[in-house]
Structures are given as structure tokens and as C-alpha cells.
Amino acid sequence: VHECLNATICGNGICIELLGSYGCVCLHGWTGDDCQTDVNECTESTACPEYHHCNNTAGGHDCLCDDLLEYIDHSCKKTVLWPDFKSGSEFTSQTFYDVKTAIPFPYFESASRELFVYRYGYVAFGGNILSSNAPHVPSQWPFSTKLFGVYWADIAATDNSNNPSNFYFSLDEGRLRNVTYSSSLIEYVKGTIKNPDFEPLSVVAATWVNAVPKPANDFPKDKATFQVILATDGHVTYAVTGYRTVWENTNVYNRPLVQTVHSLTNGVQSVETQPESGTGPVVVKLVAEDKYSDPRSYECVQKTQDARARYTEDLRSLPPCPCYQAQAANDERFEVSSSSARCYHSAIPSPGNRLKQLCCFDDYGLLFNDTLPTPADDTEVGLEAARSECCTEVLGYVAGSAHRFPHPAVGNMFLPLLVGGSETHTL
């Protein structure tokens, strides 16, 4: 009898004729007399590498990425982008994409129903400002339009093989038609922002894929994939950024500079830390339109920041106090103060005649009070314009970091210096 002629014998293996019998050599993943039993590889601790979980299949198994990870370049990595970004529209040749929304996006004291998303890795709110390179000094920063630089750089239209730098865009305003509406983009935003009171009504997602620096032939291996999601409920706007890959060593010669930067109050520039590959998602909360609507608040931020910069410059120009009174008496840079014979002023004030150094000595002629510099005349140093125009009180002018400003809705409010009210955190 030739048992191996029976197709049901050794169905998951190879049948071998024996004298008066037969034997089965099972294929990998099967066991049993007739190779009928599936081997559950998932019971073995080495079935899958780190950051994977095992899914048993007939005759084998799959290693799947753990939650919040995605499969990139043959390994599981942290999810830093909304994973369904390719479900949106794809663009390859446009320099920018003009987005018109039904709900305005508040951005500090203004709100915009029109967003311009650029191939160069930034978004403009309410105005078309085209620039392949981000301004790298505050004086070049355009105040009229609010800008959000995700990965702002001179990005080439194609790589060295003439493959385009892909750009994906999505606009989701489904909740305007149905309050119970949901989508993967909205769920991703809500799960990332984690604010139970925030119900996004308009969500814009922009993803740059394999963006290469210009000129592409000089940097063929550099490809950056990054994303920004802008979401609003009409009262406050959140930005969520993620960086799957970034360019290596952007400081080398002839490589385009990169800025991750955005507008603060009254157009003040905020430069963020350069991201690394795998950074994100990073959440930035932008101040609501109706929360800080008094323009004097923004003017005061700018004026006090300018005054502090001038004050720091003045301090650096003044001579340091000598350790002994005898040194001050013999130093032509100092003269006796009219207020006390034991105190000396710097003979030459700082630029603009704003400050003079003041040094006072004890009975032994030792410096005992390295006093803060005093005004060179009877005016208040550097802050008189800011105080008289809008500031009711300025705290910690030299060493502090908080400034109090008037506001008709909330009274005196505190804003961190050089922050201007935005909040940033990384998940």
C-alpha cells in the first residue's frame, strides 16, 4: 500500500514511504504525526525583537509593531506623525498651497481664515509671505503676518534623481456638519493634545516627505520627513509637530540653514531647539484671539524687551567696580559721587548717556556694595517709554523674568519674558 498517494496524509509536510508504513517530515511551523498541528511560535520569548508583539498564523507568525510605533526602514519606531497623512491630497510641484477654512484660526491678537502652506516647511496665517529661507535675526522677522516654521529651509523641488519632494495636505471640518463626526485625524489631534475641553472644528495637516536640501546634487542622502497639524475650535489654536527624519549636520558649508521658529505677540520671533529624528509629537498652544485682545499688551512686551536689550548692552560697556577705594580714587574712569564721599561714579556714561556705574566702599576702603548702575540723568533708564505708554508695573528688570502688563479683561497679567504667552510641550 502506498500511503503517500493519499493527498490528505502529511498535508503540511513531505510524505516518505516506509516498509509497510510511512513517515512525515513536517514543514517549518507544523508538527504532529501527520503535520496537522500548528506550532505557536508566539510562546517563545525570542519570536519577535524588541518593540514588537507576536501574532500567530497558520504555519508561522507575524511580528507587529507595538502601539504608538510604526514600521519604518525595516524596524519599529516611535510614531511621531499622524500615520494616515497619505489619505490627503498629494502635491509635488507647487511652491505653496492656499487653504481657506470655514473657521478662523486665532493666532495671538489676530485670526485667519486663510493659511498658506509652503514647500519650504512653514505656514503663514492670513498673508502670502514667500521666502525660501527663514529670517535668522529678529530684525528680519516680518511682523505683519503670523508665521509658523516647522522645518523652514531652502528645500529643493526634486532630489538628485529628479524625484519630487512629496507634500501631503488634509483639511478636516467634518464636525461643522455633524457634531458626532470623527476621523483618524481628529482622534489623533485630541489624543495628542489631551485637553478634554478642546473640540477641534477645523484641522489642517501638512506633511513634507523626503524633503531634500538645495542643491539636491550636493546632499543626495539627506531627506527630511516632518509634519504640522493646526487645529482650532474658533477660540484657541494648537500646533502639533513631528519629525520622523531630519537632515544631518545642517552646519556644513553650502547646506541650507534650518529654522524651527514661529511668531509670538506682536510679531516677536521665537526660535525653538533644532529637532532630531524621531522628535514628537510636540504640542504648541497659541494664545486665543479673545483672551489677550488689548494691543497695548503686545506693545508693552516689545518695548520692555527692547529696553532690556539696551540695558544689557549698557552694562557691558561700563567699567567694573574696583575692589578698593584707593583704586577708584586713582582710576581716571571714576569720579567721586555727589551723594557720598565713599561712592564713585563712572566718569563716562554708557552709550546714549543712559547709565553710570556706581561703586561704594566701607570704612576700610573695601568695596561693600556693587550697586546697580544708576541713571545718568533724572530719567528712568530704558523703560520710561514702555511704562508711560502701557506698563503699570515692571518686575525684576535686571534679574527677574516676569513682566506685569495691564489688560482690561483680566487685570494685571503676567507674561514670561521672550515667551509671550505660548505654551510648548513634548509628548
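The values are calculated or read from the model by the stated rules, or taken from the named source; none is laboratory data. Every value quoted in this text rests on a predicted model; they were computed, and no experiment measured them. Here the Cβ positions follow ideal geometry from the backbone for every residue, glycine too, while neighbour counts run over all protein chains shown. To get the accessible areas, we keep the full protein, side chains included, count just its heavy atoms, and leave off ligands, DNA and RNA. Shrake-Rupley method; radii C 1.70, N 1.55, O 1.52, S 1.80 Å.
Just a few scattered comments:
- The stretch 1-122, relative contact order in percent, only Cα pairs under 8 angstrom and at least six apart counted: 12 percent
- Multiplying the residue separation of residue 37 and residue 19 by 0.36 nm and subtracting their alpha-carbon distance yields 4.0 nm.
- Nearest-0.05 FRET efficiency for residue 66 and residue 180, computed from C-beta distance (R0 30 Å): 0.45
- For residue 114, the shell of other residues with beta-carbons less than 13 Å away shows a net charge of +2, using +1 for Lys and Arg and -1 for Asp and Glu.
- Amide H partners (placed H, <5 Å) of residue 52, local residues excluded: 66
- Backbone N within the stretch 164-180 under 18 Å of label point (7 Å from residue 199 Cα along the Cβ vector): 172-180
- Counting heavy atoms of the protein chains alone, residue 313 has an accessible area of about 100 Å² for a 1.4 Å probe.
- Put 177, 119 in order of accessible area, highest first, and with a 1.4 Å probe you get 177, 119.
- Solvent-accessible ranking of 86, 214, largest area first, probe 1.4 Å: 86, 214
- 3J(HN,Hα) from dihedral phi, the stretch 13-19, Karplus parametrisation 6.51/-1.76/1.60, rounded to Hz, x for glycine, proline: x, 10, 8, 10, 6, 10, 5
- Cα-Cα over 18 Å, subset of 190/285; 86/285; 100/190; 146/285: 86/285; 100/190
- Gain upon complete extension [residue 53, residue 335; 0.36 nm per residue less C-alpha separation]: 93.8 nm
- Amide H contacts under 5 Å for residue 347, placed H, 5+ residues apart: 334, 335
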